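Shown next, in structure tokens, is the structure this report addresses.
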Amino acid sequence: MPDKRVFSRLAKRLDSFRDEMIDLQTRLCAIPAIAPSSGGEGEAKKAEFLQSYLRKSGINDITVIKAPDHDAPAGYRPNLLTFFPGKSSKKTIWIMTHLDVVPPGELAVWRGDPFRAWVEGGKIYGRGVEDNQQDLVASIFALKACLAENIKPSYDVGLALVADEETGSQKGIEYVLNQTEVFKKNDLIIVPDAGNEKGTMIEVAEKSILWLRFKTVGKQTHGSTPQKGINSFKAASFLITELQKLYRFYDLQDRLFSPGISTFEPTKKEPNVPNINTIPGEDIFYMDCRILPDYPVEKIEKTIRKMADSIEKKFKVKIEISLAQKAPAAPPTSTRSAVVQALKKAVREVYGQEARPMGIGGGTVAAIFRRAGFEAACWSKLDETCHMPNEYCLIDNMVGDAKVFAHVFMQE
């Protein structure tokens, strides 16, 4: 545990930085960093601003890794790696946040300009202020507090401010991992890409994701003469019912996750015929499967194909199954890992809460680290307004998260 007097100095310094943190949030919000594929210019301008800001703050060891992108006006997507020396270089404490934000969506439902942040009721409003600028700013100020108090972290600290998180990370952390060897197996890697309102969730595992498209082909006919056709919608409906047996076939439970089971849910339905008195010859629906890591995704796919085959035979239809997304679960981070234990101690000290390792159904960028053999943990104290209109960041969360990071920096 850190020396309580030392941490108290850092915590007080961070409280004094509150207005500066709000100012940095406002300035970052005014630089939209939207991916070219989403209609933006990328992160180059935001990265240039941050490089200047970091150097003025006394954080000078900055490496820029440029992932080529001809769709971006700059011709690249920037990834910033900053290094800050600690008492020991045996390992590095990393905090990875992302520079990019999603588009604002329908402007009419925003109460203000999404790229001109405003403060109201202890919150900062604007696109990107929670996702991911809350913890980007918090990580920077955790280091600024160390500089202001002339306190060295126990180990080296690295901030990874990366591109392309919102659209796949191929030009972000995935590119960085392929191009460099800066991360070590014993490093502590914190990714503030998931969290909850109390700050009690340390995300260490994810389910596999399998999204499938089912196209059922029969024979169209008049609604009054069903014997002359083959009702694709009826066959597809029986298939949906059959697919619910997956819950029985793959019924393992894992208390690490919520819900602690694999889920198999029909979701999107495409229109078939526009009128009531026609039996459709073609029907399309989709399914979202979130699968516990215990089960190989390929095994699930084979079972689904067998179910479809039985419906084909029964109704004399043809069923085509195609992938919309397939992301096998990354190896989980150990619940006993150093990064999990460090976060638990820090959350207890700063927020007075007992955090626990958990698994989630959705994917996070931490999975990229895990697939590369690194133990990474997602943690943040969030109101979970990311991607919403009128996205906001609780200022207390931003300051508090900075204290959590500073506490981790000081742990031996």
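The values are calculated or read from the model by the stated rules, or taken from the named source; none is laboratory data. Note that this is a predicted model, so its numbers are computed, not measured. Because the Cβ atoms are built from the backbone with ideal geometry, glycine has one as well, and the counts that use them run over all protein chains shown.
Condition check: surrounded by fewer than 19 Cβ atoms within 10 Å (Cβ to Cβ), part of a loop (DSSP other than H, G, I, E, B) and either at pLDDT below 95 or not assigned by TED's automatic domain parsing to the domain that holds residue 201 (or both). Does residue 294 satisfy that? Here the answer is yes, as residue 294 does meet what is asked.
Checking each residue in the stretch 169-204 for being in contact with a strand residue (DSSP E or B) (Cβ under 7 Å, 6 or more places away or on another chain) and either without any contact (Cβ under 8 Å) to a residue 40 or more places away in the chain or part of a strand (DSSP E or B) (or both) picks out 188, 189, 190, 191, 201, 202, 203, 204. Of all residues in the stretch 45-64, those that are of a type in the set (D, E, K, R) have Cβ atoms under 9 Å from Cβ atoms of residues that are in a helix (DSSP H, G or I) and buried (at least 16 other Cβ atoms within 10 Å of the Cβ), 6 or more apart or on another chain, in 46/28. Scanning the stretch 98-147 for residues that are farther than 24 Å from residue 197 by Cβ and not in a loop (DSSP other than H, G, I, E, B) turns up 107, 108, 143, 144, 145, 146, 147.
Tell me, which residue of the stretch 19-38 that is of a type in the set (Gly, Ala, Ser) and surrounded by fewer than 22 Cβ atoms within 10 Å (Cβ to Cβ) is nearest to residue 52 (Cα to Cα)?
Within the stretch 19-38, the subset of a type in the set (Gly, Ala, Ser) is 30, 33, 35, 37-38.
Those left that are additionally surrounded by fewer than 22 Cβ atoms within 10 Å (Cβ to Cβ): 30, 37-38.
Numbers: 30: 16, 37: 27, 38: 27 Å.
Filtering first and then ranking leaves 30.
In the set (1) part of a strand (DSSP E or B); (2) within 21 Å of residue 189 (Cβ to Cβ), the condition left unmet by residue 66 is number (2).
Pull up the stretch 1-38, narrow it to residues that are hydrophobic (A, V, I, L, M, F, W, C), in a helix (DSSP H, G or I) and over 26 Å from residue 123 (Cβ atoms), then point me to the one that is nearest to the chain's Cα centre (by Cα).
Going through the stretch 1-38, the residues hydrophobic (A, V, I, L, M, F, W, C) turn out to be 1, 6-7, 10-11, 14, 17, 21-22, 24, 28-31, 33-35.
Among the residues that remain, those that are also in a helix (DSSP H, G or I) are: 6-7, 10-11, 14, 21-22, 24, 28-29.
Applying the additional criterion that residues be over 26 Å from residue 123 (Cβ atoms) yields 6-7.
Working: 6: 33, 7: 30 Å.
Among those that are hydrophobic (A, V, I, L, M, F, W, C), in a helix (DSSP H, G or I) and over 26 Å from residue 123 (Cβ atoms), it is 7.
When you go through 180, 241 one by one, which is the residue that is surrounded by fewer than 17 Cβ atoms within 10 Å (Cβ to Cβ), touching a Ser or Thr at 6+ places or on another chain (Cβ under 9 Å) and among the hydroxyl-bearing types (Ser, Thr, Tyr)?
Working: 241 fails: touching a Ser or Thr at 6+ places or on another chain (Cβ under 9 Å).
Answer to the selection: 180.
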